[in-house]
Amino acid sequence: MYNHEKICNKVDSLTCPRCMISFSNRHHKSRHIKADKCKARSIIHARTPNIQNITNNNNITNNTQNVQTMNNYNNIIVNNFGSERIDHISNKEIMKILQSGTNTVPLYIKKKHFDKNFPENNNIKYSNDNKCQVMEDNCWQEKDIGLLSTNLMKDNTEVLLMYCDNNEIQLLNEINDIEKYEHIRNKLFIVYNKSDNQRYNDVLAKIKELIKNSALEFETL
């Protein structure tokens with residue numbers, strides 16, 4: 001069961017795991033996925049495995065979908081920390097995030113863990129006294145906010161550095177300024193290696209504040 005849960009995308013076999021649209025047969029789903037044009041949506045929009053939810057044009061009817069979305073939201077299965085969906089973070093958004101100065105890493109973390117439109121990724125909850133609840137091994141576990149923030153900064157800075165390396169040509173074409181590209185990458189590298197204590201501490205403080213503020217944001221949902 002544990003191995004199954006690691007690879008299961010929590011949607012039925014006739015539903016696109018990115019946009020959550022359901023189809024009447026595997027051929028239609030396969031054709032849709034190969035086109036690779038759909039926009040990522042939360043699993044709260046996915047249907048339950050019930051063929052009656054599908055209309056003749058392969059989409060769920062609006063009324064059924066709205067009721068089901070609310071039910072899915074109330075019964076959402078939160079992804080374990082480290083197993084978040086990131087298909088909703090587009091290249092355009094990452095480009096914008098990379099050019100946001102000292103907010104780069106905090107903004108990426110916010111999009112990854114605290115996006116209200118993707119509640120299945122909301123696997124960090126601030127409690128109090130600098131303690132957090134983090135979803136690990138399918139249960140909430142208490143973590144120190146300082147240690148968690150440090151790990152978030154290291155892991156996500158590394159992800160963004162790898163993105164820069166793997167998409168260097170695309171980034172250079174977008175920015176059209178090699179010095180600016182090098183500045184973006186060096187900024188991440190400095191934080192990752194802690195070679196500038198002031199900058200490192202500034203980013204770390206922003207991440208801690210992000211976690212604390214998220215508790216207030218989700219209280220309004």
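Of note:
- Only listed residue being among the basic types (Lys, Arg) and either crowded, with 19+ Cβ neighbours inside 10 Å or at pLDDT below 90 (or both), chosen from LYS39, LYS96, LYS116, LYS112: LYS112
- Residues satisfying the stated conditions in segment 80-93, i.e. over 15 Å from ARG41 (Cα atoms) and either out of contact with any strand residue (DSSP E or B) (no Cβ under 6 Å at 6 or more places or on another chain) or modelled with pLDDT under 95 (or both): GLY82, SER83, ASN91, LYS92, GLU93
- Candidates in segment 151-187 are the residues that are touching a residue at least 12 places away in the same chain (Cβ under 8 Å), under 15 Å from ASN103 (Cα atoms) and of a type in the set (S, T, N, Q); of these, the one that is surrounded by the most Cβ atoms within 10 Å (Cβ to Cβ) is THR157.
The values are calculated or read from the model by the stated rules, or taken from the named source; none is laboratory data. Just so you know, these numbers come straight off a predicted model, no measurement behind them. Don't worry about glycine lacking a Cβ; one is built from the backbone with ideal geometry, like all the others, and counts go over all protein chains shown.
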